[in-house]
1. If you roll a 1.4 Å probe over the heavy atoms of the protein chains, what accessible area per residue do you get for the chain, in Å²?
2. Based on the alpha carbons, how large is the Rg to Rh ratio for the range 48-105 when Rh follows Kirkwood?
3. Once each part is reduced to its C-alpha centroid, what is the distance from the range 8-58 to the range 161-179 in angstrom?
4. Quick one: what Rg and Dmax do you get for the range 1-151 from the alpha carbons, in Å?
5. Inverting the mean 1/r over all pairs of different Cα atoms, compute the Kirkwood radius of the range 1-64 and quote it in Å.
6. For the chain, taking Cα atoms only, what is the radius of gyration to one decimal and the Dmax to the nearest whole Å?
7. How fast does the range 176-334 diffuse by Stokes-Einstein, in µm²/s, taking the Kirkwood radius from C-alpha pairs at 25 °C and 0.890 mPa s?
8. Which one of 280, 115, 256 has the biggest mean-square fluctuation once the chain is modelled by GNM with Cα springs under 10 Å?
Amino acid sequence: MKLASLKHGRDGKLVVVSSDLAWCADASAIAPTLQAALDDWDQVESELRNLATDLDHEAIPMMRFHERQAAAPLPRAYQWADGSAYVNHVALVRQARNAEMPESFWHDPLMYQGGSDGFLGARDPIPLADEAWGCDLEGEVVVVTGDVPQGASRDAALAAVRLVGLTNDVSLRNLIPGELAKGFGFFQSKPASAFSPVFVTPDALGDWWRDGKLHRKLMVDLNGEPFGRAETGEDMTFDFGTLIAHAAKTRALGAGTIIGSGTVSNRDADGGPGRPVAEGGVGYSCVAEIRTIETIRTGAPVTPFLKAGDTVRIWAEDDKHHPIFGVIEQTVGG
């Protein structure tokens, strides 16, 4: 089942979307918003699934699904916590800074709590008031949970996953060092994130969703050129069950909590830092990573951060090369 929110008020209007993303049907008679559906998931899930089946069989009134008319599936959420499950990414960034990586990073997940009072739709522009802030894209996988009790086990946490999607978790890289130096974490350096037009139930992903991981290639284009083709199921040190259980160690998580994987990052086939797509590698899911590799190789970064007019495109494909979650396509400052 695929769910989306059409732009309507603060929290959107819930629709079910056809498997091919071409059509949608109003689901507001079942639940007015996606958050309302998540709050009463046990009661409304079967009704939503029946509506989705009827839509795929063209048995009910339907309308064209236009991704530009979609808000983020959750236009705002009670909680957005982003991890760093691909420790390779962290290791490369620290290597470029000649900073030692603590051993604990390999068995104790990194996670921060981001702003969730407003998210960007998949086709909304990326606001950028000052290019000197170092605007960067970050292609990630996300999950949305139901209620998770405090102290949930990894298996119980994984069973709470209701939906899977993608995000462009925008970062302002040049603001990060100053914020971290204060010892109090990210704030100004993490503006609003954008999410894929649709979120998908794990069962609809079939074998692409297993062991708490999405197993597809994350496609990232920058200004129309292939930038990243990393495999989301590889080099993921912490699966989503582990990330959710980590978040729930000292608090219960409410239905509608969004948990991010952090930047998807793969090592090269020889175990070294990844290579650009143009050189036969899988590329990168953020600009910061190619800049760190350039620093490791040559002593200084070459690739610039995003500037006004740049375009970012993030998606994942099925076996027929059709987008599974729709496409995040954004212009900086557009």
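1. Averaged over the residues of the chain, the accessible area is 43 Å².
2. Radius of gyration over Kirkwood radius for the range 48-105 works out to 1.32.
3. For the range 8-58 versus the range 161-179, the Cα centre distance is 27 Å.
4. Computed over the Cα atoms of the range 1-151, radius of gyration and Dmax are 19.2, 61 Å.
5. That comes to 11.5 Å for the range 1-64.
6. Cα-based Rg and Dmax for the chain come out at 19.1, 61 Å.
7. 139
8. Of the options given, 280 has the highest mean-square fluctuation.
The values are calculated or read from the model by the stated rules, or taken from the named source; none is laboratory data. Everything quoted here is computed from the prediction, not taken from an experiment. We work out accessible area using only protein heavy atoms, side chains counted, and drop any ligands, DNA or RNA first. Shrake-Rupley method; radii C 1.70, N 1.55, O 1.52, S 1.80 Å.
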